[in-house]
Amino acid sequence: MRHCALIAASGRQALTVSKYAASLRAATAPANPVIITFDDGGVETLKALRRLAETGLTATVFVTSSRVGDPGYFNRTDLHRIRGLGIEIGGSGHTGRRLDELARTDVIAELTLSRRRLAVATGDEPRTFAYPLGGYDLSVRQLVISAGYSSACAVRDVLSHPADDRFALARLTVEANTPDSRLRAWLEGVGRPAPPPTVPRTHTHRLRRAARPPGLFTPRLGQPDPGPVTGTGDPGGLASPDLSWPSPALPEH
């Protein structure tokens, strides 16, 4: 509740990841956005989302599709309640495994199954994605685009900004013990901004991954890469308890 109060008092405009990413493409990003994200969760996350909504804030929750309905995790009714709060539901893979450590066909299966199953569970296809455990590389990024997502969140633990890569948005991590002073400073734009995105992992790593046996599921994909976002402006985007925003980012809970 203290964190909610600080965010609400900061004067920043809370946006979902998809709305923020769309504003970047249209060069209409608000001057002081804040993006709050949650990576997975269960009952405790649902309580936090209700508190956010009561404070007049919105957020994006990234869901691992294979866990929907598991004990202590979101069920379909919960997902509909979350959407009813005006909070976005995004994908985070089907099983939650690091995608940069999987064979290409397994990455495709993770992305496709996640999007299809969340569409069935919520009635709408997710538009944004979070790399499980923050792991991605150039190949994974391209497959996320080909799967139909319009944006994606990494972690990176730096402030995001309007020139950030729309498919690797930087986020800061906010936990229950994050000092109010630190959160307040991030909301004021104090911190290290994201550098120009660099693709993690080496060519050797990608060759090793490509040499692994393919998975069993090989759906068809293939949309062109729209390329990274470019723009100007002071940093100021907040992301989740992982947060991503242009000029500070709120972290991921």
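The values are calculated or read from the model by the stated rules, or taken from the named source; none is laboratory data. Keep in mind the model is a prediction, meaning the values are calculated, not measured. Note: ideal-geometry Cβ built from the backbone for every residue, glycine included; neighbour counts use all protein chains shown. SASA here: full protein model, heavy atoms, side chains in, ligands and nucleic acids out. Shrake-Rupley method; radii C 1.70, N 1.55, O 1.52, S 1.80 Å.
So how far, in whole Å, is the C-alpha centre of the stretch 1-56 from the one of the stretch 80-150? Comparing the Cα centres of the stretch 1-56 and the stretch 80-150, I get a distance of 20 Å.
Karplus-based coupling profile of the stretch 131-146, in residue order and whole Hz: 5, x, 6, x, x, 7, 9, 4, 5, 4, 4, 5, 5, 4, 5, 5, with θ = phi - 60° in 6.51 cos²θ - 1.76 cosθ + 1.60 and x standing for Gly or Pro. The share of accessible area on the stretch 66-128 that comes from carbon and sulfur is 42 percent, using a 1.4 angstrom probe.
A cut-off of 5 Å between modelled amide H atoms, ignoring neighbours fewer than 5 places along the same chain, links residue 172 with 239, 243, 250, 252. Using the 1.4 Å probe convention, the accessible area of the stretch 1-143 works out to 42 Å² per residue with neighbouring protein chains retained. Distance between the modelled labels on residue 192 and residue 142, one decimal in nanometres: 3.0 nm (7 Å Cα→Cβ projection). For residue 140, the solvent-accessible surface computed with a 1.4 Å probe is close to 0 Å², ligands and nucleic acids excluded. The dipole here belongs to the stretch 9-166: it is taken about the Cα centre, uses +1 on the Cβ of Lys and Arg and -1 on the Cβ of Asp and Glu, and is about 380 debye. Computed extension length for residue 31-residue 133: 33.7 nm, one decimal, from 0.36 nm per residue of separation with the Cα-Cα distance subtracted.
Along the stretch 107-114 the Karplus relation, 6.51 cos²θ - 1.76 cosθ + 1.60 evaluated at θ = phi - 60°, assigns HN-Hα couplings of 4, 4, 4, 4, 5, 6, 4, 4 Hz to successive residues, with x for each Gly and Pro.
In this structure, the amide hydrogen of residue 166, modeled 1.01 Å from its nitrogen in the peptide plane, lies closer than 5 angstrom to those of 229, counting only residues at least 5 positions away or on a different chain. Over all other residues within a Cβ to Cβ distance under 10 Å of residue 57, the charged ones net out to +1, with Lys and Arg as +1 and Asp and Glu as -1. Figure legend: label point modelled 7 angstrom from the Cα of residue 66 along Cα→Cβ; residues of the stretch 130-172 with amide N under 16 Å from it are 132-133.
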